[in-house]
Amino acid sequence: MIELQHVAMSYGGGDLLRDMSLQVAPGSFHFLTGPSGAGKTTFLKLCYAELLPSAGHLSLFGQDVRQMGRDEIARIRQRIGVVHQDCQFLDHLSLEENVALPLSVNRRTADPGELRELLAWVGLKRQAQSLPPQLSGGERQRAALARAVMMSPDVILADEPTGNLDWEMSLRLLSLLVELNRMGKTVMIATHDLNLIRQAKAQVSARVLRIANRQLHLAGADL
Amino acid sequence: MRAVLTFFSSERSTADRVVPPTGFTARLTLFTAAAMAFLAVFALALSLATGRLAERWSDSLARSATIRISAAPDQMDAQVAAVLEVLKTTPGVASSRVMSDDEMKGLLKPWFGPDLPVDALPLPKLIAVTETSAGVDADGLRLRLQAEAPGAIFDDHTRWRRPLVAAAERIRMLGLMSLLLIFGAMAGMITLAAQAALAANGQVIAALRLVGARDAFIARAFVRRFTTRGLIGATAGMVLGMIAVAFLPSADAAGAFLTGLGFSGAAWLWPLIIPPIAAMVAFGSTRFAALRMLRRIR
Ligand SMILES: Nc1ncnc2c1ncn2[C@@H]1O[C@H](COP(=O)(O)OP(=O)(O)O)[C@@H](O)[C@H]1O
Ligand SMILES: [Mg+2]
């Protein structure tokens with residue numbers, strides 16, 4: 001689904017990431033870890049074509065990202081659900097409208113029953129009409145997850161989805177992602193929370209990628 | 001063209017609401033469109049009025065000429081008769097008529113007052129000539145008059161008609177150029193307003209791209225807004241401009257020489273094209289600004 005061959009990435013200075021090779025298989029569960037500033041967000045942005053690699057070959061769903069036009073990128077993003085590090089909502093639209101946004105931008109309307117079910121799944125049924133700024137950090141991140149799965153994407157990329165959640169809420173969000181993976185979705189979570197990774201390993205067979213020394217390493221079976 | 005069609009046919013739902021309401025740029029666009037449409041009404045009125053003027057001058061004056069006969073009183077009648085005889089056989093003359101003393105009095109009154117003793121003055125005789133659309137060979141006629149009636153001078157008005165027509169045509173061209181400038185300035189200002197709105201909504205655009213919105217969708221959300229504002233503003237400006245023109249003091253009192261700066265008859269329909277043009281200008285400039293801005297956000 002996502003394939004990197006000797007990919008390097010730089011923001012203009014030296015390489016931030018270099019010589020990364022990876023194949024993300026359908027249905028797999030990956031963690032991406034590394035210290036703050038290592039380039040986890042950057043790596044995920046490469047995976048949904050917000051950034052282009054400065055060297056190497058990167059393909060999404062078999063398509064070379066360098067060859068993609070803007071409309072093709074838009075189409076790819078319908079198949080990749082992204083939980084952005086800072087959620088990225090439209091603050092003037094209700095939570096419900098925000099969650100349905102991936103459909104609306106394609107001039108489709110969400111089935112009200114399905115939408116309600118989805119909000120219930122992330123535990124935000126009561127907040128459906130709230131505006132994003134009125135939500136707590138945990139609520140926002142669950143809403144972002146609901147929006148990411150709205151289009152029933154093949155891949156879910158989550159950037160620090162438990163970043164400002166307490167442990168209990170983190171576990172809840174993790175179990176939602178595990179559930180999605182059991183439904184056959186490919187999941188990749190960027191996090192520096194090793195406890196979360198340990199917890200996940202008890203539920204699902206996850207691979208752990210670590211960014212260190214500007215390179216991507218496949219961590220050993222145990223942490 | 002296709003863009004325009006899909007633009008008006010698609011339903012107005014979330015596509016409109018994804019962009020948060022922006023009070024300032026909205027008012028700026030409305031005001032700009034209204035002000036420019038108001039000015040456009042005047043530029044249009046100017047162009048149409050001077051167009052009418054130039055036409056009137058070149059057309060009716062081209063068909064009229066005068067022959068002035070100055071001669072000793074005892075020879076006057078003979079010369080007048082000779083001139084009329086010449087005119088009868090001149091091709092291009094539709095009719096000719098000797099002006100009566102009363103008419104002469106009327107012409108001179110503005111200069112000399114009503115008590116002018118026309119009989120006591122050695123006034124020349126005037127013969128008004130109306131030409132056919134083919135016109136008279138002025139040089140040929142002058143030669144013949146010289147031979148038959150030495151006191152007769154043919155004046156086809158070209159001398160003072162030409163500069164007037166040229167001036168009127170120049171003013172009309174300036175009017176049309178003003179129209180272009182007005183719409184150009186409007187395009188510029190709406191582009192700036194759209195750019196401000198786009199820049200203020202960078203977050204919104206990034207979020208829309210993140211969930212897989214195509215450029216066309218995002219651009220349309222902005223374009224639709226600015227086009228609507230351009231249309232509404234320009235309509236208001238046009239109505240105000242037309243009211244202002246309608247209440248201009250009539251110039252007819254001063255004679256038809258200065259045709260009134262206004263619209264006559266069906267020409268009142270001309271200003272109605274201003275709002276659609278304004279809407280198209282708003283459409284084009286917002287679309288241009290939006291697509292350019294979008295290229296920077298992947
Ligand atoms: N748009 C950008 N331009 C320049 N440098 C950037 C940009 N985004 C991130 N960086 C830098 O790249 C490095 C990695 O950032 P990031 O991928 O966000 O790390 P992480 O998510 O692992 O904390 C940081 O040093 C950051 O300052
Ligand atoms: Mg990050």
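Since every read-out is calculated from the coordinates, none of them should be taken as a lab result. What you see is a predicted model, and the numbers here were worked out from it, not measured in a lab. Virtual Cβ from ideal backbone geometry, glycine too; neighbours counted across all protein chains shown.
Whole-percent P(r), region A:2-218, all Cα pairs, 10 Å bins from 0: 8, 34, 36, 19, 2, 0.
In chain B, Cα pairs under 8 Å separated by at least six residues give a relative contact order of 35 percent. A Förster radius of 30 Å combined with the Cβ-Cβ distance from B:A134 to B:A185 puts the calculated FRET efficiency at roughly 0.05.
Taking Cα centre as origin and charging only the Cβ of basic (Lys, Arg, +1) and acidic (Asp, Glu, -1) residues, the dipole magnitude of chain B rounds to 2860 debye. Inverting the pair-averaged 1/r between distinct Cα atoms of chain B gives 24.2 Å as its Kirkwood hydrodynamic radius. Quick check: Cα centre of region B:143-211 to Cα centre of region A:34-101, how many Å? Value for the Cα centre distance between the two parts: 50 Å. The modelled label-to-label distance for the pair A:S54/B:D155, using points 7 Å beyond Cα in the direction of Cβ, is 8.6 nm. Here the gap between B:L121 and B:R56, fully extended at 0.36 nm per residue and compared with their Cα-Cα distance, gives a gain of 20.0 nm.
A:D154 to B:A266: FRET efficiency via 1/(1 + (r/R0)^6), r the Cβ-Cβ distance, R0 56 Å, to the nearest 0.05? Calculated transfer efficiency: 0.30.
Would you list A:H92, A:H84, A:H6 from fewest to most Cβ contacts within 10 Å?
Going from least to most buried by this count: A:H6, A:H92, A:H84.
Each of B:W57, B:W160, B:W111, A:W121 has some number of other Cβ atoms within 10 Å of its Cβ, and from fewest to most they run B:W111, B:W160, A:W121, B:W57.
With one equal scatterer per alpha carbon and no solvent term, the Debye-computed log10 I(q)/I(0) for region A:106-223 at 0.11, 0.19, 0.21 1/Å reads -0.41, -1.09, -1.28.
If R0 is taken as 25 Å, the Cβ-Cβ distance between B:R162 and B:A81 corresponds to a FRET efficiency of 0.20.
Shown for B:W270, A:W167: other C-beta atoms within 10 Å of each C-beta, ranked fewest to most, produce the order A:W167, B:W270.
Across region B:71-150, the volume of the C-alpha convex hull divided among the residues equals 104 Å³ per residue. The angle between the Cα long axis of helix B:215-246 and the longest principal axis of the Cα atoms of chain B comes to about 30 degrees, rounded to the nearest 10. The lysines within cross-link reach of B:K105, meaning a Cα-to-Cα straight distance under 28 Å and a gap of 8 or more places when in the same chain, are B:K88, B:K125. Evaluated at q = 0.12, 0.20, 0.21 Å⁻¹, a Debye calculation over the C-alpha positions of region B:157-298 (equal weights, vacuum) places log10 I(q)/I(0) at -0.65, -1.16, -1.23. Mean separation of Cα pairs under 8 Å and 6 or more residues apart, divided by the residue count, gives region B:71-150 a relative contact order of 48 percent.
Note on the protein assembly as shown: dipole from Cβ charges, positive end direction compared against B:I297, A:V122, B:M76; the farthest Cα belongs to A:V122. With only the Cα atoms considered, the protein assembly as shown has a convex hull volume of 209 Å³ per residue.
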